[in-house]
Every structure is written in structure tokens, then in C-alpha cells.
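The values are calculated or read from the model by the stated rules, or taken from the named source; none is laboratory data. Computed from a prediction, not measured in an experiment: that's the story for all the values here. With ideal geometry, Cβ positions are generated from the backbone for all residues, glycine too; neighbour counts draw on all protein chains shown. Just the protein is used for accessible areas: all its heavy atoms, side chains included, with ligands, DNA and RNA removed. Shrake-Rupley method; radii C 1.70, N 1.55, O 1.52, S 1.80 Å.
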Amino acid sequence: MSENTKCSSDTSCGTCGTAASCDAAAKAKHMEVNLQNRLSKIRYRIAVMSGKGGVGKSTVAVNLAVALARSGRSVGLLDADVHGPNVPKMLGIDHMVPSMGVNGMSPVVASDNLKVISMAFLLEDPDTPVVWRGPMKHSLFQQFLSDVDWGSLDYLIVDLPPGTGDEPLSIAQLLGQPLWAVIVTTPQDVALLDSRKSVVFARTLEMKTLGIIENMSGLACPHCGGVIDLFKTGGGAKAALELGVPFLGAIPIDPQIVTGGDAGVTIESADPKGSSAEAFRGLARQVETEIWQG
Ligand code: ADP
């Protein structure tokens, strides 16, 4: 468009001279207003983070959300792990699709009090990797928050992509303040080293760190239900102490978490009386206590 072409759009600000840039600015403004509107209806936003993949971040996010929902809280679960969106499969809702309502995209209702949005719902083929550059992912995260009709929630649990790079940064910034963080680690030294980076990342972004949870901590014996100290345990508690953040508890390695995760049955449904389900309920209680205290 030439310099002389004046913007004829209704959204013209009268200064930029191009309809395209006026339109883009208006869209950005509209999205920001929507985002703030949606966020204002959510009491607490909690990001579940880990220093690296494979430590059980999504498992913790799902089971924390389920435990909170079962205790009567109204919960949204945003699966923001675009490259490994496993949340719908873990909840057995991967065959479902969000619908369009008058107020935007309606999240999938997984159970009483639990609504879910994930990239997995939008992929035609689950085997196709998402090959997107940073700005496209940022725009997707923006839409997950501003175009999705979450309604009023007590908690929005966000399963962040692993690590401390662009993607978690982008989502954390969109979620704004106050934003709470749960950091998932496993007991091995390498995972603990990475979880320390997550604590520093959370501090840098002025997130409120609720604490560290140690996943795969000992083995839940399928016969007697007791916990066997398979590798080692206690690293999460030690790291929490050193870093001056609360320790939120330990979840044992439980074969039923793997089979249930693959079959779309949470441990709360598969074995509600077992030590793992109790550990997730304990995590939910601890999270609420930390939030109310701080
Ligand atoms: P991440 O989100 O960190 O990449 P996931 O939550 O996808 O990790 O978990 C990776 C795998 O480990 C999954 O197969 C999951 O079922 C399994 N897993 C997670 N936590 C446990 C646990 N406490 N006991 C047994 N298996 C677990």
C-alpha cells in the first residue's frame, strides 16, 4: 500500500496510514481485552513445570487437576505442551473435540468440574509432529487463553512445555501475575539439577513457587501397596530446602499410572485407595494450603 493510501477500515487509528496495520493493531487490542476478561474470571493460575521432559509433568498436572475437581473446585486444564500433548489421552478424552459456542471455543468437559483444552484436540493426525516456529506457538497460546470460553474457574492448571526456553516463557507472560508454579522433578541428580533451573526461571518471572514435587519416588509395590526405595528418594526435599521453596510431597513409581495413563484412566479412578492416588490428593491439599497462606 502506498504512503498516500489512507486507511479506510473502521478500525483506523488515523495515524498509521494502512488498513492492514490498523487491522492488526485492532486485532491485537481485541485479543488483549479478551485475554484480560477471561483471566479475570480465574481465581488461581498454576503452571506445572519441569526442567526436562519425561519426569511426569503431564501426569502431575492431570492428577492435580482431577484431585482438585473431585474436591469440588471448578478446574480448567490447559495442555500447553504442544509437542507432546498427552493430557487428553491420559484422561481418556482424546476422541472428543471442542465445540464453538457464542462466547468462543468451549473446552472439552472431562468430568464434573474439569474442563480441558489441548493441541491434541486440534490435530487431525496424532502422529503428525507440530513443526511451528515460535511466533505461531505464541499465537496459539494466546488463543488458548483468549478465545477459549473457560468461564469462571477456581483453578486453571497449565501443563507447560518442559524446560526454561521460549515456550514456557511465552505462556508464563501471557498468564500474567499472580502466577503460581509447581515444579516436578524425579529423584536423580540430573533431574534435580534441571529442576533447580525451573525454580530460578520461576523467580526470574516473578512467579510464586508453590514448591517442588518429587515424582517416581520409590516403587509402589503392586502386591502389598507399600513403597520400595528402588533408586533413591529425598532429592526433591533436599533441593526444596536448599532453594528455600516448599516441598510438596512425593509420588511413588506406580505401574498403574503407566497403564492407566495409556488407557485414559486416572489413578484416582483405577485405584482410589492406593498410595499414589492418596499422594496426588495430598499434593492438591498442599497446593491449596500454600496458596491460601501466601
Ligand atoms: P512429562 O510430561 O514430564 O514428559 P509424562 O507425564 O508424560 O512426563 O510421563 C512420562 C511417562 O512416565 C508416562 O508414561 C507416564 O505414565 C509415566 N509416569 C509418570 N509418573 C509416573 C509414576 N509416578 N509412576 C509410573 N509411571 C509414571
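Structure values in brief
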{"read-out": "Residue satisfying all of: in the stretch 278-294; touching a residue at least 40 places away in the same chain (Cβ under 8 Å) and in contact with a Pro (Cβ under 8 Å, 6 or more places away or on another chain); least open to solvent (accessible area, probe 1.4 Å) among these", "value": "Glu290"}
{"read-out": "Hits in the stretch 66-84 - residues which are surrounded by fewer than 23 Cβ atoms within 10 Å (Cβ to Cβ) and not in a helix (DSSP H, G or I)", "value": "Ser71, Gly72, Arg73, Ser74, Val82, His83, Gly84"}
{"read-out": "Subset tally (residues that are of a type in the set (Lys, Arg), farther than 11 Å from Ser118 by Cα and at pLDDT 95 or above) for the stretch 52-91", "value": "3"}
{"read-out": "Long-range neighbours under 6 Å by Cβ, at least six apart or interchain, first residue at negative phi within the stretch 86-108, second of a type in the set (Phe, Trp, Tyr) and at pLDDT below 95", "value": "Val97/Phe121; Pro98/Phe121"}
{"read-out": "Leading residue by the ranking (modelled with the lowest pLDDT) among those in the stretch 266-276 that are more than 11 Å from the ligand (Cβ to nearest atom) and not acidic (Asp, Glu)", "value": "Gly274"}
{"read-out": "Residue in the stretch 247-263 that is nearest to the ligand (Cβ to nearest atom), counting only those that are surrounded by fewer than 16 Cβ atoms within 10 Å (Cβ to Cβ) and in contact (Cβ under 8 Å) with a residue 40 or more places away in the chain", "value": "Asp262"}
{"read-out": "Any hit, the stretch 143-166, residues being hydrophobic (A, V, I, L, M, F, W, C) and surrounded by fewer than 19 Cβ atoms within 10 Å (Cβ to Cβ)", "value": "no"}
{"read-out": "Residues that are open to solvent by 60 Å² or more (accessible area, probe 1.4 Å) and either within 16 Å of the ligand (Cβ to nearest atom) or assigned to a helix (DSSP H, G or I) (or both), drawn from the stretch 29-62", "value": "Lys29, His30, Glu32, Val33, Gln36, Asn37, Ser40, Lys52, Gly54"}
{"read-out": "Qualifying residue in the stretch 157-171 (condition: within 11 Å of the chain's Cα centre (by Cα), part of a helix (DSSP H, G or I) and hydrophobic (A, V, I, L, M, F, W, C))", "value": "yes"}
{"read-out": "Residues of the stretch 177-225 classified as open to solvent by 20 Å² or more (accessible area, probe 1.4 Å), within 11 Å of the ligand (Cβ to nearest atom) and in a strand (DSSP E or B), total", "value": "1"}
{"read-out": "Test for Leu192: is it over 15 Å from the mean Cα position of the chain (by Cα) and farther than 21 Å from Gly282 by Cα", "value": "yes"}
{"read-out": "Test for Gly236: is it surrounded by 15 or more Cβ atoms within 10 Å (Cβ to Cβ), on the phi > 0 side of the Ramachandran plot, in contact with a strand residue (DSSP E or B) (Cβ under 8 Å, 6 or more places away or on another chain) and touching a residue at least 24 places away in the same chain (Cβ under 8 Å)", "value": "no"}
